[in-house]
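The values are calculated or read from the model by the stated rules, or taken from the named source; none is laboratory data. What you are looking at is a predicted structure, and each value in this text was computed from that prediction instead of being measured. Don't worry about glycine lacking a Cβ; one is built from the backbone with ideal geometry, like all the others, and counts go over all protein chains shown.
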Amino acid sequence: MLPIKDINRPSRPAIVTKMLIAINIVVFVYTYLKPLRVFQQIVYEYGVKPALILQGKELYTLFTGMFLHGDITHIFGNMLYLWIFGDNVEDRLGHTTFLVFYISSGVIASLVQVFFTPSSMVPMIGASGAVSAVLGAYLIMFPWARVLTLIFGWFIWMVEIPAYYYLGFWFLLQFLYGLISLRGVALYIAYWAHISGFILGIIVAIYARYKYRRRLYREPYEVIWI
């Protein structure tokens, strides 16, 4: 399944979402057009190496790693999901809060993956942890929104699928692959960063909804005074 767009128009421009996508694309083009040896050196220097993180070294890579991507399919998938689902989450959280949420989620998701691969020196790169958090938040905020989706099989269909079904199925796949990775199978994808990012997004969205409802409940008592 490949998402095309969601039928859920935000009420204001997604400034931060577009900025993040632009930065990721610029960094990708700049690094990917380098000679292969230079590109590999950049990835090794700025990617997250779990063994070093646990030693308190190269902590800056928890930030830089989320803006690097390995190839066109890697960045296309991450930016497509961020483009489709990020605007509405940003609309609900607000520009500044969304930026903090995105960056912090990416860092935390990388740390969780570090915990599952503590001895690895293979660099981890990509925005998947942060994007997964956006998906988790979207699931809670807009579960009934429709996602226009391409389904591949004997034929290609374009159908509208409820967000709770699409994102729930996506998370189930990540969780299953994460369990497989625990058996020592080298999948070269940070599935536990996806899983933890998604769960973190759910938690943040539930908390944001609670604060919003509490504000609505208290607001009449705060503004009636004359």
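How many of the residues making up the range 136-147 are more than 19 Å from the chain's Cα centre (by Cα) and either part of a helix (DSSP H, G or I) or loosely packed, with under 14 Cβ neighbours inside 10 Å (or both)?
1
Suppose we filter L182, L150, L167 for residues that are surrounded by 22 or more Cβ atoms within 10 Å (Cβ to Cβ), in contact (Cβ under 8 Å) with a residue 24 or more places away in the chain and not acidic (D, E); which single one remains?
After applying the criteria, what remains is L167.
Quick check: anything in the range 15-26 under 21 Å from the mean Cα position of the chain (by Cα), outside any helix (DSSP H, G or I), among the hydrophobic types (A, V, I, L, M, F, W, C) and surrounded by 14 or more Cβ atoms within 10 Å (Cβ to Cβ)?
Checking the range 15-26: not a single residue is under 21 Å from the mean Cα position of the chain (by Cα), outside any helix (DSSP H, G or I), among the hydrophobic types (A, V, I, L, M, F, W, C) and surrounded by 14 or more Cβ atoms within 10 Å (Cβ to Cβ).
Looking at F76, is it at pLDDT 95 or above, in a helix (DSSP H, G or I) and over 24 Å from F175 (Cβ atoms)?
Judged against the criteria, F76 is not a match.
Which residues, taken from the range 42-71, are closer than 21 Å to V134 by Cβ and surrounded by fewer than 19 Cβ atoms within 10 Å (Cβ to Cβ)?
Matches in the range 42-71: F63, T64, G70.
Can you name the number of the only condition in (1) surrounded by 14 or more Cβ atoms within 10 Å (Cβ to Cβ); (2) touching a residue at least 12 places away in the same chain (Cβ under 8 Å) that F39 fails?
(2)
Within the bounds of the range 122-133, is there any residue that is touching a Gly at 6+ places or on another chain (Cβ under 6 Å), assigned to a helix (DSSP H, G or I), of a type in the set (A, V, I, L, M, F, W, C) and under 19 Å from V48 (Cβ atoms)?
Looking for residues that are touching a Gly at 6+ places or on another chain (Cβ under 6 Å), assigned to a helix (DSSP H, G or I), of a type in the set (A, V, I, L, M, F, W, C) and under 19 Å from V48 (Cβ atoms), one finds at least one in the range 122-133, hence yes.
Looking only at the range 97-117, decide whether some residue is within 30 Å of T31 (Cα to Cα), outside any helix (DSSP H, G or I) and either modelled with pLDDT under 95 or not small (G, A, S) (or both).
Yes, because at least one residue in the range 97-117 is within 30 Å of T31 (Cα to Cα), outside any helix (DSSP H, G or I) and either modelled with pLDDT under 95 or not small (G, A, S) (or both).
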